[in-house]
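*Asks:* First the structure, then my questions, so here it is.
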Amino acid sequence: MTSISRICVALLATTGSAGTLTAVQAQRLRDGPAISVMAGPSHYDLSETGTALAAGLRLDIPSGRSMIVEIGATYLKFQPSQGPKVKYLLPEVSLQYVLPGAAIRPYVGGGIGEGEFLSGPGTSKFTMHATGGVRAMIANGWGLRGEFRARSVDPFRGHTLDLSFGVLKRFR
């Protein structure tokens, strides 16, 4: 093989490798951390039963190609039949499996957290939850998100069922 042939083979190999690295880098850029702001109805069975508006803020941290670690908090306020309004802050951490590689990405997951009473009884309770939903990227790192979250508060003594919708911003 001549020197020119060796140089051409080396250039082709380098160009092919660079193309592969670019695809990997593009995947990492697309799957950077994201913040979601969400809101929707929450059916609760806590000290009373009913439905109230819940609002949440979530941070998604990709961990590999198809897993996301989600750190978030939900705020829930309701008016019982007697007494002052009850306010809860529900900080949580989830592990979610995401269908990789598409603009529309369904997910399922579960996690743990705490039900912090900001008013009312004045105590904290352990929580567990299961979640499922979809993240849909639209353009320039912006997307929409819909989610169902079933949460057990003070496990198996109370629960909330949230249906949330919102926007997300992915960072690169």
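*Asks:* I'd like the trypsin sites (Lys or Arg not before Pro) in region 24-93 restricted to DSSP loop residues with at most 13 other Cβ atoms within 10 Å, sorted by number.
*Replies:* 65, 85
*Asks:* Please compute the length gained on full extension between residue 43 and residue 123, using 0.36 nm multiplied by the number of residues separating them and subtracting their Cα-Cα distance.
*Replies:* 26.7 nm
*Asks:* Can you sort 97, 44 by how many other beta carbons sit within 10 Å, fewest first?
*Replies:* Lowest count first: 97, 44.
*Asks:* In a shell of Cβ-Cβ distance under 12 Å around residue 61, excluding residue 61 itself, what net charge do Lys and Arg (+1) and Asp and Glu (-1) give?
*Replies:* After counting each charged neighbour, the total is -1.
*Asks:* With +1 assigned to the C-beta of every Lys and Arg and -1 to the C-beta of every Asp and Glu, and no other charges, what is the dipole magnitude of region 51-172 about the Cα centre in debye, to the nearest 20?
*Replies:* Approximately 320 debye in magnitude.
*Asks:* Hey, another quick one. If I model a spin label at residue 136 and residue 114 as a point 7 Å from the Cα along the Cα→Cβ vector, what separation in nanometres do I get?
*Replies:* Going by the 7 Å Cα→Cβ label model, 3.7 nm.
*Asks:* Quick one: if you stick a label point 7 Å off each Cα along the C-beta vector at residue 95 and residue 171, how many nm between them?
*Replies:* Result for the modelled spin labels: 2.4 nm.
*Asks:* In what sequence do 152, 81, 47 fall when counting other Cβ within 10 Å, fewest first?
*Replies:* 81, 47, 152
Coordinate-derived values only; no laboratory data. Predicted model only: the values in this text are computed from it and were never measured. Note that each Cβ is placed from the backbone with ideal geometry, even for glycine, and that neighbours are counted across all protein chains shown.
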